[in-house]
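Note sheet for the following structure.
The values are calculated or read from the model by the stated rules, or taken from the named source; none is laboratory data. Fair warning: this is a prediction, and the values are worked out from it, not measured in the lab. All Cβ positions, glycine included, derive from the backbone under ideal geometry; neighbour counts span all protein chains shown.
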Amino acid sequence: MSTLIAPPIKRRHFFYPEDYLPESDGRPMAETDRHRKLMLGLLHALEERFRKNPRVYVTGNIFVYYRAENGELQPVSPDIFVVRGVAKKERRIYKIEDEGKAPEVVIELISRATTVEDHVTKRHIYARLGVKEYFIFDPYREAQPSALAGFRLENGEYAPMTVARHNGSLHVRSKILELELRVEKGDLRLYDPKSGARLRTPEEAENELRTAKAEVTRLRRALAKLQKKKS
């Protein structure tokens, strides 16, 4: 009885031309529900903060394409990044050589699985690209000694920022964003240091709108009753 031998499998290799760049790596948007909620909350707060400025672009979890040292285009995907001086418009990818400017501020929400990537690989890439400020937040306090770390680019390398502690809360100032990052009740929140106001999350904005609508309804009813009594 003869034995059938299957032919070897030939692996296909794909080479993407520069006019077609992948937009996704197939990985989930965030490591956990908490990471996702934090990411969406921070993006909403920053988008609202710079909503009226047409030359500030806020986004996250999209590919940023840059030229590697060998000249090839390579992607990196920051959780959140901000660029001043480029048009505020919808993009599928962010290609640095087309935009003329690298991200200026990056915020990464770290996990145990991404520790090396965020603290070593991405840190090296962001410094090489000229990202001026780099913040790393650890929601579960499992990937770095402090929940919040900040770095500022100095002479091509990242120097640690001073993360202060006040009333049990960690906080660090972003010169680029003109905002303060605070760890509050285990979450990363953004504050306007001039007014002391906290930038709202989508849930907080929705609750405020709901409260305002309820107050308008109450005033209308009170006015209608007053007019009825007068008539």
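Within the stretch 116-131, is there a residue that is in a strand (DSSP E or B) and either touching a residue at least 60 places away in the same chain (Cβ under 8 Å) or within 22 Å of residue 164 (Cα to Cα) (or both)?
No, the stretch 116-131 has no match at all.
If you check residue 146 against the conditions, is it of a type in the set (Ser, Thr, Tyr), under 23 Å from residue 50 (Cβ atoms) and in a loop (DSSP other than H, G, I, E, B)?
Judged against the criteria, residue 146 is not a match.
Do we have residue 173 as closer than 17 Å to residue 49 by Cβ, of a type in the set (D, E, K, R) and either crowded, with 20+ Cβ neighbours inside 10 Å or not assigned by TED's automatic domain parsing to the domain that holds residue 48 (or both) here? Step through it out loud before you land on a result.
Details: closer than 17 Å to residue 49 by Cβ: yes; of a type in the set (D, E, K, R): yes; either crowded, with 20+ Cβ neighbours inside 10 Å or not assigned by TED's automatic domain parsing to the domain that holds residue 48 (or both): no.
Judged against the criteria, residue 173 is not a match.
Within the bounds of the stretch 192-201, is there any residue that is assigned to a strand (DSSP E or B), within 17 Å of residue 48 (Cα to Cα), of a type outside the set (Lys, Arg) and modelled with pLDDT of 95 or more? Steps first, please.
Within the stretch 192-201, the subset assigned to a strand (DSSP E or B) is 198.
With the extra rule that they be within 17 Å of residue 48 (Cα to Cα), the set shrinks to 198.
From what's left, of a type outside the set (Lys, Arg): none.
The answer is no; no qualifying residue exists.
Can you say whether residue 165 is in contact with a Lys or Arg (Cβ under 6 Å, 6 or more places away or on another chain) and over 21 Å from residue 123 (Cα atoms), as far as the supplied structure shows?
When the stated conditions are applied, residue 165 does not pass them.
Among the residues of the stretch 103-115, which ones are under 22 Å from residue 186 (Cβ atoms), in contact (Cβ under 8 Å) with a residue 40 or more places away in the chain and not in a helix (DSSP H, G or I)?
107, 109, 111
Please go through (1) within 23 Å of residue 179 (Cα to Cα); (2) in contact (Cβ under 8 Å) with a residue 12 or more places away in the chain for residue 154 and return the number of the only condition it doesn't satisfy.
So residue 154 meets the others, but not (2).
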